[in-house]
Amino acid sequence: MRIENEILLDYSDVLIRPKRSTLTSRKDVDLERKFVFRNYTPDFPENIEDEHYHGVPIMASNMDGVGTFAMATELAKQGIFTCLVKTYSKEELTDFFNNANHDITSSVAMSIGTSNADYDKFVQVYARVGDKLKYLCIDVANGYSEAFVSHVSNIRNIYPHIVIIAGNVVTADQTQELILNGADIIKVGIGPGSVCTTRIQTGVGYPQLSAIIECADAAHGLGGHVIADGGCTCPGDVAKAFAAGADFVMLGGMLAGHDEGGGEVINRAFKTGEIHYDTGEEVVEAKQFVKFYGMSSDAANTKHFGGLKDYRSSEGREVLVTYRGAVSNTIQNILGGIRSTCTYVGASTLKQLTKCTTFVRVNNQFNKTYESSTTKM
Ligand code: 5GP
């Protein structure tokens, strides 16, 4: 046993220090990025940057209620990326990729795990849709196994024309291992997710801000890229993830509860504890929710696999999130926040944000005076 004494940090442990800036408006901030991937060989390499990636590097997570076709279609309008849930059938995927336009297919990944069935599904979909399927997200809870690395390496050898996203890991060594074995983009995050219980069930995890800093440094040294996956609770956290060096930021909970997720809207009524001034009756408030759950929760296993296998425990929870209507409003709020971060530190592009950032460690992140207030306006 060994203990590392250096304190590692989460988003809530830091703030970004403001700096002198010549930017006059948030409108001037460019949130689009272009990336050239390390291991991907495009079929038509004339225009390298266009063949690789161009967009606003936020990603919808491959979770139920988030990584849906409807979400992908809507987010692509803003240049935002979606990793589709693993559970779409080969027919559904074929239909989607064959019928979606280029703007959409260039912002969407099919997701698989390491099972033979998932691999067969990918092979068959790729055979039917060809290069319309450009991104493959190979996603497991624990990206540290040898078998996972060989799986990534085998797929890279057979499919040079696919951009491979692989994870999840949280340290430099395994980031490098996956990149050297053919992955282009590494998904970083073990345990930070809003509906994740890995840290409670297993005691395993790594503070997310430090994980991003460490993995981004390792990946960039090799020409690879990283996704900060999980743990963002507000636009400020997304900005901190980019500032820490993330190339992409993946969101689950922040994009849950919207129409595009396709979840059932649940109506609930609550006694507010107030008495109506005129009638003397108890005030009841109606609220709308949508179910949201971790992809290794009991709820997900029951829905997709008929229950948890007896040697596994659930590492995710199920919650009700407030129904929030169309996702476009939420996206506007997130992008507005990041633009504002950039103006505070003098970054005219998202690319410059990390160079312009000094994090300060804090004891208090924000003022919570009215957080538990029960009186609503
Ligand atoms: P969020 O943005 O909600 O904080 O985190 C989303 C991320 O949590 C996902 O992209 C995925 O990496 C992770 N995640 C999703 N479901 C589960 C789960 O059931 N267990 C764990 N450990 N992580 C999960």
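The values are calculated or read from the model by the stated rules, or taken from the named source; none is laboratory data. The shown structure was predicted, so the numbers you read here are calculated from the model rather than taken from an experiment. For neighbour counting, all protein chains shown are included, and Cβ atoms are generated from backbone atoms with ideal geometry for every residue, glycine included. For the accessible areas, the whole protein counts, side chains as well, though only heavy atoms, and no ligand, DNA or RNA atoms are used. Shrake-Rupley method; radii C 1.70, N 1.55, O 1.52, S 1.80 Å.
Of all DSSP-defined beta bridges confined to the range 227-377, some 75% are antiparallel rather than parallel.
Taking the helices alone, the chain has a mean residue ellipticity at 222 nm of -9500 deg cm²/dmol, built from -39,500 (n - 2.57) per DSSP H run of at least 4 residues and averaged over all its residues. Residues of the range 54-88 with backbone nitrogen within less than 15 Å of a virtual label 7 Å along the Cα-to-Cβ line of Gln288, please, listed as ranges. Label zone hits: none.
Suppose a student asked you for the relative contact order of the range 125-243, using Cα pairs under 8 Å spaced at least 6 residues apart; what percent would you report?
Details: 195 pairs, mean separation 26.7, N = 119.
This gives 22 percent for the range 125-243.
Taken along the Cα-to-beta-carbon direction at a fixed 7 Å, the label points for Arg26 and Thr302 span 4.1 nm. Computed from the Cβ-Cβ distance with R0 of 51 Å, the FRET efficiency linking Met1 to His220 stands at 0.95. Count Lys and Arg as plus one, Asp and Glu as minus one, and take only other residues whose Cβ is under 13 Å from that of Ile275; the net charge is then -3.
In the distance distribution for the range 147-202, Cα-Cα pairs more than 17 Å apart total 41 percent. Pairs with C-alpha atoms separated by more than 19 Å, drawn from the list Lys240/Lys351; Lys34/Lys86; Lys86/Lys134, are Lys34/Lys86.
Provide the net charge surrounding Gly261, with neighbours chosen by a C-beta distance below 11 Å and charges set as Lys +1, Arg +1, Asp -1, Glu -1. So the surrounding residues net to -3.
Taking the Cα atoms of the chain, the ratio Rg/Rh between the radius of gyration and the Kirkwood radius comes to 0.98.
Each 10 Å bin from zero up to the one holding the largest Cα-Cα distance in the range 265-371 carries the following percent of pairs: 11, 18, 25, 27, 17, 3, 0.
Counting only DSSP beta bridges with both residues in the chain, what percent are antiparallel, rounded to the nearest 5?
Of all bridge pairs located within the chain, approximately 40 percent are antiparallel.
By the rule of a C-alpha distance below 20 Å, with chain neighbours fewer than 8 residues away ignored, the lysines paired with Lys287 are Lys271, Lys376.
For Lys121, a cut-off of 13 angstrom between C-alpha atoms picks up these aspartates and glutamates, skipping any fewer than 8 places away in its own chain: Glu91, Glu92.
Each label was represented as a point 7 Å from its Cα along the Cα-to-Cβ direction; for Phe366 and Thr114 these points are 3.8 nm apart.
Would you mind working out the magnitude of the charge dipole of the range 141-297 relative to its Cα centre, with +1 at each Lys and Arg C-beta and -1 at each Asp and Glu C-beta, to the nearest 20 Debye?
Dipole of the range 141-297, to the nearest 20 debye: 340 debye.
In the range 90-171, one over the average inverse separation of all distinct C-alpha pairs is 13.1 Å, which is the Kirkwood hydrodynamic radius.
The value of relative contact order for the chain, using C-alpha pairs under 8 Å at least six residues apart, is 21 percent. Sorting 359-367, 76-84 by average packing, meaning the other beta carbons within 10 Å per residue, from highest down gives 76-84, 359-367.
Share of the chain's accessible area from carbon and sulfur, percent, 1.4 Å? Exposed carbon and sulfur together represent 48 percent of the surface.
For the range 1-151, taking Cα atoms only, Rg and Dmax work out to 18.9, 54 Å respectively. Values of log10 I(q)/I(0) for the range 30-112 across q = 0.12, 0.19 Å⁻¹ run -0.35, -0.86, by the Debye formula with one identical scatterer at each alpha carbon and no solvent.
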